[in-house]
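Engineer: What follows is a structure written as structure tokens; I'll ask about it next.
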Amino acid sequence: MPEHTKVSAEDQALLNKFARSYQTQTQLKAKLKEAKTLVENINEASDEILLLDDEDSASIPCRIGSCFVHFNSDSLNDHLEAKKAAAEKVLAEKTSDLDTITTEMETIKKVLYAKFGDQINLDAEE
């Protein structure tokens with residue numbers, strides 16, 4: 001029977017920090033996916049606007065919140081570019097945050113695996 005390593009208060013604090021970081025990482029991944037989808041949708045909408053003829057581009061409905069507002073193609077392109085810039089900024093921030101938290105988690109994993117070896121499992125099952 002293998003000898004079990006005693007868990008100190010510092011070890012428990014690291015385990016707790018890893019668990020909180022894992023939750024944060026999961027939330028960041030979801031937000032990152034949302035931001036990527038938003039950027040893709042905006043790009044698709046912009047492409048569709050380019051395909052419209054002059055008659056159809058005079059009044060294009062765009063959903064803002066729970067209502068639709070009519071724009072001409074130039075105004076809508078400006079609106080979409082502003083939304084795209086904001087979404088890309090969020091995407092960059094979330095990517096940076098995710099990289100930071102992942103690096104932090106890898107550092108904690110190394111410390112904990114060095115002490116506990118195969119007595120713990122910190123790898124997510126996906």
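Engineer: Quick test for you: out of Leu98, Leu52, pick the one residue that is surrounded by 12 or more Cβ atoms within 10 Å (Cβ to Cβ), of a type in the set (A, V, I, L, M, F, W, C) and within 12 Å of the chain's Cα centre (by Cα).
Structural biologist: When all the criteria are applied, what remains is Leu98.
Engineer: Identify, please: which residue in the range 82-95 is surrounded by 13 or more Cβ atoms within 10 Å (Cβ to Cβ) and among the aliphatic types (A, V, I, L, M) and is, among those, nearest to the chain's Cα centre (by Cα)?
Structural biologist: Per the stated criteria, the residue is Leu91.
Engineer: Right, another one. Got a number for residues in the range 64-81 being under 15 Å from Leu38 (Cα atoms), hydrophobic (A, V, I, L, M, F, W, C) and loosely packed, with under 13 Cβ neighbours inside 10 Å?
Structural biologist: Total satisfying the criteria: 1.
Engineer: While we're looking at this one, here's another question. Select from the range 1-40 the residues that are charged (D, E, K, R) and without any contact (Cβ under 8 Å) to a residue 24 or more places away in the chain and write down the one among them that is surrounded by the most Cβ atoms within 10 Å (Cβ to Cβ).
Structural biologist: Checking each candidate, the answer is Glu34.
Throughout, read-outs are computed from the coordinates displayed, never taken from laboratory work. All values derive from a computational prediction rather than experimental measurement. All Cβ positions, glycine included, derive from the backbone under ideal geometry; neighbour counts span all protein chains shown.
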